[in-house]
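See structure below.
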Amino acid sequence: VKKMKKRYNFWVILIFIALIVLCIYYSENIKNAVITAIKISGNSIIPSLLPTMCIISIMINSGIIFSINKKLVPIVLFVLSQISGYPIGAKILNLAVKNEIVDKKCAQKLLPSMVCSGPAFVISFVGYSIFGSEEIGFRIYFSLILSNLLLFIALGGLKTEVKEIYTKTEFKKVILNSVYSSADSVFKISILFVFFYAFVKGFSFL
């Protein structure tokens, strides 16, 4: 078993070395791909995700959405997760669990239904930039919402018990923390996009 692992690791290392050599040899192709990916990210991904993420994060962190009728809280959380885009849905549930508003097991159960790409991203980037049609983007987005809604109902989202109301914090800290966390999330998404775009386009000649 140890010999097999050593052989496996040896070949994996060779593959990575080969990739590094290819990156150096075809650096011009990769450079152009990275520049293109950064432009796409700056023109579509960041503008479509960052503003919405910041606003909804402020709403969540300020606790305002937890001050409404407890029966409506799960529905509001679901709606926000669908219009805000990934990863706000997961952040909403995580915050609710941390503040003991929603049970951890319940949050884990509902998580699959609260992961959705934002409308601006799906419509403007996927629909218009990739397929050249905003109508296609709308169809994709509404199909995502419909499937998530059915999943949310099937998982008992409407019956989610809200334990307590979120405590408000200083508004300045709320704004700063919301902007920082949103920017961090968008940055990570953009970097992943740039990496995979550069990898695919840079080595498309192979």
Measuring from its Cα centre, the chain shows a charge dipole (+1 at each Lys and Arg Cβ, -1 at each Asp and Glu Cβ) which, in debye to the nearest 20, is 920
The percentage of the accessible area of the chain (probe 1.4 Å, all protein chains present) made up of carbon and sulfur atoms, to the nearest whole number, is 69
The chain: DSSP helices with Cα axial extent of at least 27 Å and average Kyte-Doolittle hydropathy no lower than -0.5 = 2-25, 134-154, 171-202
Any idea of the accessible area per residue across region 5-56, 1.4 Å probe, to the nearest Å²?
-> 72
State which entries of Lys31/Lys188; Lys70/Lys105; Lys105/Lys173 exceed 25 angstrom in Cα-Cα distance in the structure shown.
-> Lys105/Lys173
Please tell me the relative contact order of the chain in percent, rounded to the nearest whole number, where contacts are Cα pairs under 8 Å and at least six residues apart.
-> 33
Taking 0.36 nm per intervening residue step and subtracting the Cα-Cα distance, what contour gain separates Asn32 from Glu100 on full extension?
-> 19.7 nm
For region 29-188, compute Rh as the Kirkwood radius over C-alpha pairs and then the Stokes-Einstein diffusion coefficient at 10 °C and 1.306 mPa s; write the answer in µm²/s, rounded to an integer.
-> 96
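The values are calculated or read from the model by the stated rules, or taken from the named source; none is laboratory data. Owing to the predicted nature of the structure, the values given are computational and were not obtained by experimental measurement. We place every Cβ from the backbone using ideal geometry, glycine too, and count neighbours over all the protein chains shown. What goes into the accessible areas is simple: the full protein's heavy atoms, side chains included, and nothing from ligands, DNA or RNA. Shrake-Rupley method; radii C 1.70, N 1.55, O 1.52, S 1.80 Å.
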